[in-house]
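Throughout, read-outs are computed from the coordinates displayed, never taken from laboratory work. Please read these numbers as outputs of a predicted model, since none were measured by experiment. Methodologically, a virtual Cβ is constructed for each residue, glycine included, from the backbone with ideal geometry; neighbour enumeration extends over all protein chains shown.
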Number of protein chains: 2
Amino acid sequence: MPDYPKTDLNTVRRLAKRGVYDEATVHAIVDEALICHAGFVHDGRPFVMPTIHVRTGRTVYLHGAPANRMLSVIASGVPVCLTMTLIDGIVFARSVFHHSMNYRSAMLFGTGRAVTDPEEKWKAFEALTEHIAKGRWNDARVPNEVETKTTAVVAVEIESASAKVRTGGANDEEEDYALPVWAGVLPLSLTPGTPEPDPRMENGTSVPEYVRRYTRTK
Amino acid sequence: MPDYPKTDLNTVRRLAKRGVYDEATVHAIVDEALICHAGFVHDGRPFVMPTIHVRTGRTVYLHGAPANRMLSVIASGVPVCLTMTLIDGIVFARSVFHHSMNYRSAMLFGTGRAVTDPEEKWKAFEALTEHIAKGRWNDARVPNEVETKTTAVVAVEIESASAKVRTGGANDEEEDYALPVWAGVLPLSLTPGTPEPDPRMENGTSVPEYVRRYTRTK
């Protein structure tokens, strides 16, 4: 897969060795993340909103109520920054200074537009649902006309993107290795618990596979 | 605890019943979150960066390398938006339309300043370390002079804040309850795995309690 162009906007400055620009790495992070943090400027001030997203090619779809401020601002075509972050662990070093996090983050820069074409909007509904749980679209009742009308969808075309990835253990100063301080990595991950069926499940429907064995990784 | 003032900036517009402004709710989310997403405007464009934070009263501290662009922009006193999001679960409804997420998010608005007072900087180091793992500051080697000099700390004074919280199960349309579709909540949480000791642990130091029983909740 090709790389996103490396411009002044997306070039990772700090710890540049952690910066990657290839589409495969960036897209894998975007797709694994359940939500993104959408940044936009309104009245000269920054806003950062958590929201569900889905990626199709180099387009990211967001959705919400038509009166949603974030969506109307983004649909107006202003620059947008979408950031996805996956926390993989805490790195405990012998020195406070070398503590770190293992993580994977993607930062996408682009501009938005309202999705008005009915077919594109429907495809976005399907993709958003499948992003949450693959297989759900075919099981649940699809949106009716009123629901479709009262859901706004906005597309952000990714013009530039970068990813930052940190893996591995602690990197301490040579003279600190002898210190009696525990060092290592505590892995962290977004983990599913036991599904809680709705009390009004009147039909004894069993828990679908995509809920029982829920995972964000492919 | 008092409320943050409800202004045009922080008023939750969509699903206003989910919006809360009391300090206790906002601060509990800020403190449980391991990282925040910091939004700022640079050259007229929005940037959203994931970063570790810690709160002390109504001040949030961020840190990094002195050349870090995010920190220098924020230290210059521009408006900042810090957003913390905790994902609690996926709400599976019978209709695609009523799918939702259980989550708690906090959005803080404020302005930044560079922390130059040595005592405030040291306290911020301690607070940031303790935010990651309570008890770690006393165990690890504290920063030396060079490390202190090569770590920039920025304070963001919270001027306005809001939280959004969604809990509970699916709220379906009355006529959908009879559908043979599984509905319910799949809980999700950031969960620690098994600690991975550094291969160069030369002294057999045992895994500290705050790593073995790691939790983000109080």
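Quick notes
- Label point of residue A:8 (7 Å along Cα→beta-carbon): distances to the other copies' equivalent points are 3.2 nm, sorted ascending.
- Between A:87, A:5, A:127, the Cα set farthest toward the positive side of the dipole of chain A (charges on each charged residue's Cβ, about the Cα centre) is that of A:5.
- Sites residue B:138 and residue A:174 - FRET efficiency at Förster radius 25 Å, r taken between beta-carbons, to 0.05: 0.60
- Translational diffusion coefficient (Stokes-Einstein; Kirkwood radius from C-alpha pairs) of the stretch A:52-167 at 10 °C, 1.306 mPa s, in µm²/s: 99
- In terms of surrounding Cβ atoms within a 10 Å radius of their Cβ, B:11, B:148 rank from fewest to most as B:11, B:148.
- Cα→Cβ-extended label distance, 7 Å offset, between residue B:215 and residue A:12, nm: 3.4
- Look at where the Cα atoms of the stretch A:160-215 and of the stretch B:100-151 average out, and the two centres are 23 Å apart.
- Counting only DSSP H runs of at least 4 residues, each contributing -39500 (n - 2.57), and dividing by the residue count of the protein assembly as shown, the helix-based mean residue ellipticity at 222 nm comes to -5500 deg cm²/dmol.
- 0 to 90° range, to nearest 10: angle between helix A:23-32 axis and chain A longest Cα axis: 70
- Going by neighbour counts of Cβ atoms within 10 Å, the residues B:162, A:95, B:76 line up, fewest first, as B:76, A:95, B:162.
- Rough spin-label spacing in nm, given labels placed 7 Å along Cα→Cβ, for residue A:122 and residue A:207: 3.4
- FRET efficiency, residue B:65 to residue B:42 (Cβ-Cβ, R0 30 Å, nearest 0.05): 0.95
- Angstrom value of the Kirkwood radius, inverse mean 1/r, which spans all Cα pairs in the stretch A:16-212: 19.4
- Cross-link pairs A:149/B:164; A:134/B:134; B:6/B:121 - those with Cα-Cα distance over 29 Å: A:134/B:134; B:6/B:121
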